[in-house]
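What follows is a set of notes on a single structure, which appears directly below.
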Amino acid sequence: MVTRPARGDLVAGVSVALVLVPQALAYATIAGLDPVHGLYAAAAAPLAAALLGSSPYIQTGPTAATSLLTLGALSTVAEPNSVRLALLAAVLAIIVGIVRVGLGLAGAGPIAYLMSQPVVVSFTSASALLIIGTQVPSILGVESEERNPLVGAISVLADPTTWSFVDLTLGIGAMALMLGGRRLWSLFPGALVAVVFAVVWSRLTGYDGAIVGDVVLDLRTPAGFSFADVTMLLVPGVVIALIGFAEPASIARRYAAMDRKQWDPNREFVGQGLANLAAGLVGGFPVGGSFSRTALNRLSGARTRWSGAVTGLTVIALLPFATLLAPLPSSVLAGLVIGAVVSLVDVRAPLLYWGWSRPQFFVGIVTVFSTMALAPRVDRGVLLGVAAALAVHLWRELRVGVPSRLEDDTLHVHPSGVLYFGSAPAVERTINALLAEHPEVRRLVLHLDSVGRLDLTGALMLRDVLEDFEAAGREFQICGARAHAARLLTRVLGIPLAADDAKGDSP
């Protein structure tokens with residue numbers, strides 16, 4: 001059922017488009033592409049996402065995170081601003097689209113919840129710092145050859161004699177208009193005003209610094225990629241499809257909670273997949289949901305997915321005028337990028353994690369430093385963060401407490417935690433040690449009410465312990481097994497156990 005457009009969708013869609021155009025130019029440069037490829041993605045992605053997305057507010061298109069992930073995936077296989085890089089970026093977007101559509105159709109939407117909050121927050125902060133690092137040379141009017149953006153930024157900042165104070169003034173001015181304008185009026189198009197002013201100023205003064213240059217529209221996707229290129233991009237494509245979905249998923253969840261409405265992660269996967277397919281087919285690069293543009297969209301009155309379609313159509317209408325952007329100073333784009341991502345650097349969260357959970361603080365630190373150290377391969381950094389989160393989870397699951405108490409000749413054992421293949425050997429050793437320590441015990445009572453989950457290996461371990469105990473002419477009892485544990489133990493032990501009151505005295 002197609003939702004009818006609301007009145008605010010038109011105003012919101014146009015407002016977002018006016019912000020999206022300069023952002024798209026800037027984000028394309030982060031990805032190592034000619035700025036025009038940002039416009040291609042900005043035109044196609046919102047239109048495609050509007051067809052089937054779940055959230056009425058999400059504005060899809062080029063984002064800082066997906067641009068950085070694209071750079072990381074392609075920087076080692078193609079030269080920046082080359083035809084080959086543009087081709088591979090388009091192929092990468094198509095792969096991301098296919099993966100996301102496939103996951104959505106397969107009902108794998110809940111995978112959006114699998115990345116822990118410390119990983120997402122830490123990766124976002126690290127990515128924002130790296131993006132700022134990529135723009136520091138441009139805002140200072142200096143070129144850097146360093147592969148790691150932070151190393152390049154530090155080397156440039158260390159030599160003020162190379163700075164262009166004209167470019168620095170332009171970049172800071174663009175940031176001031178973008179950030180300061182919002183304080184005056186939430187709908188103030190600061191980025192657009194900065195771009196228009198800079199273009200006019202550049203033409204009037206004959207500015208001779210780095211500029212965007214000719215914006216030549218050519219919607220034909222370059223041909224000539226091989227099967228080897230596709231296989232090479234499969235792993236990065238899957239990584240970007242999963243990692244990049246964290247952003248639109250968190251946006252959709254936030255606004256669904258605010259509106260007290262449901263959102264469908266499977267539909268959102270498909271919608272974001274279609275957006276990437278469309279972006280790739282017109283020569284763009286991987287796209288995602290934008291926090292800032294989505295907030296502007298909702299604030300401007302958007303109420304349905306039609307606002308995204310209006311945004312895409314508005315960008316298409318502006319494409320013929322893209323050539324007017326040729327004299328735009330690169331330092332202005334750099335200032336706009338820095339202004340857009342600086343709020344994503346969250347220094348408060350790590351301090352909170354330190355107080356709340358030291359292991360999760362460790363996960364965040366691993367994510368931040370691995371992402372920054374491995375730049376531009378930021379995908380590897382976030383994978384290390386995910387691995388650290390899984391390692392912490394497994395470490396905790398291995399720690400099954402086995403408190404006990406002795407009453408006359410009865411030993412009561414209260415295992416607590418997850419009793420699975422990883423923790424079963426330790427629990428078995430503990431129980432056997434308790435029995436060896438108390439040879440007078442004639443009866444063993446296992447209280448399983450604190451066991452959160454029991455797998456087959458854990459059940460087999462209990463069977464072995466109880467069979468050995470029973471073979472010595474002693475009795476056992478199982479109490480408080482939860483439903484799933486009672487069913488499994490009934491099958492493994494061959495005796496009936498009732499959930500929550502599962503007793504199994506040996507005959």
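The values are calculated or read from the model by the stated rules, or taken from the named source; none is laboratory data. In this text the structure is predicted, and so the values were computed from the model without any measurement. Note that each Cβ is placed from the backbone with ideal geometry, even for glycine, and that neighbours are counted across all protein chains shown.
So in the stretch 36-74, with the set limited to residues that are part of a helix (DSSP H, G or I) and over 20 Å from A26 (Cβ atoms), which one is nearest to the chain's Cα centre (by Cα)? Outline the logic, then answer.
The first filter runs over the stretch 36-74 and keeps only residues part of a helix (DSSP H, G or I), leaving 36-52, 64-74.
Remaining after also requiring over 20 Å from A26 (Cβ atoms): 47-52.
On the way: L47: 22, A48: 21, A49: 18, A50: 21, L51: 23, L52: 21 Å.
Restricting to residues being part of a helix (DSSP H, G or I) and over 20 Å from A26 (Cβ atoms), the top hit is A49.
Name the residues in the stretch 168-212 that are within 29 Å of the chain's Cα centre (by Cα) and assigned to a loop (DSSP other than H, G, I, E, B), would you?
S186, L187, F188, P189
Regarding the stretch 328-337, can at least one residue be identified that is hydroxyl-bearing (S, T, Y) and crowded, with 17+ Cβ neighbours inside 10 Å?
Checked the stretch 328-337: at least one residue is hydroxyl-bearing (S, T, Y) and crowded, with 17+ Cβ neighbours inside 10 Å.
Go through (1) modelled with pLDDT of 90 or more; (2) over 25 Å from L398 (Cα atoms) one by one and return the number of the condition H447 breaks.
Single failed check for H447: (2).
Has the stretch 292-301 got at least one residue that is in the same structural domain as A128 (by TED's automatic domain parsing), in a helix (DSSP H, G or I) and free of Cβ contacts under 8 Å to residues at least 12 places away in the same chain?
Yes: one or more hits.
Tally up the residues in the stretch 170-203 that are closer than 18 Å to T323 by Cα and free of Cβ contacts under 8 Å to residues at least 60 places away in the same chain, please.
Residues flagged as closer than 18 Å to T323 by Cα and free of Cβ contacts under 8 Å to residues at least 60 places away in the same chain within the stretch 170-203 amount to 5.
To keep it simple, each residue is scored yes or no on (1) basic (K, R); (2) at pLDDT below 85; (3) in contact with a helix residue (DSSP H, G or I) (Cβ under 8 Å, 6 or more places away or on another chain).
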| position | (1), (2), (3) |
| --- | --- |
| R348 | yes, no, no |
| S357 | no, no, no |
| F362 | no, no, yes |
| P376 | no, yes, yes |
| A389 | no, no, yes |
| L406 | no, no, no |
| S416 | no, no, no |
| S423 | no, no, yes |
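State whether one or more residues within the stretch 268-289 are at pLDDT below 85, out of contact with any Lys or Arg (no Cβ under 8 Å at 6 or more places or on another chain) and assigned by TED's automatic domain parsing to the domain that holds L344.
Checked the stretch 268-289: no residue is at pLDDT below 85, out of contact with any Lys or Arg (no Cβ under 8 Å at 6 or more places or on another chain) and assigned by TED's automatic domain parsing to the domain that holds L344.
With the requirement that a residue be closer than 30 Å to A249 by Cα and not polar (S, T, N, Q), what does the stretch 137-160 give you? Give the derivation first.
Step one: list which residues in the stretch 137-160 are closer than 30 Å to A249 by Cα, which gives 148-150.
P149, L150 - these are the residues of the stretch 137-160 that are closer than 30 Å to A249 by Cα and not polar (S, T, N, Q).
For every residue, the table says whether it meets (1) in contact (Cβ under 8 Å) with a residue 60 or more places away in the chain; (2) closer than 24 Å to L489 by Cα; (3) surrounded by fewer than 19 Cβ atoms within 10 Å (Cβ to Cβ).
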| residue | (1), (2), (3) |
| --- | --- |
| V382 | yes, no, no |
| L390 | no, no, yes |
| H393 | no, no, yes |
| P403 | no, yes, yes |
| L406 | no, no, yes |
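In the list A126, A112, which residue meets the criterion of being under 15 Å from the mean Cα position of the chain (by Cα), buried (at least 20 other Cβ atoms within 10 Å of the Cβ), modelled with pLDDT of 85 or more and in a helix (DSSP H, G or I)?
Details: A112 fails: modelled with pLDDT of 85 or more.
Exactly one residue qualifies, and that residue is A126.
Go through the residues of the stretch 75-82 one by one and say whether even a single one is part of a loop (DSSP other than H, G, I, E, B) and within 21 Å of E268 (Cβ to Cβ).
no
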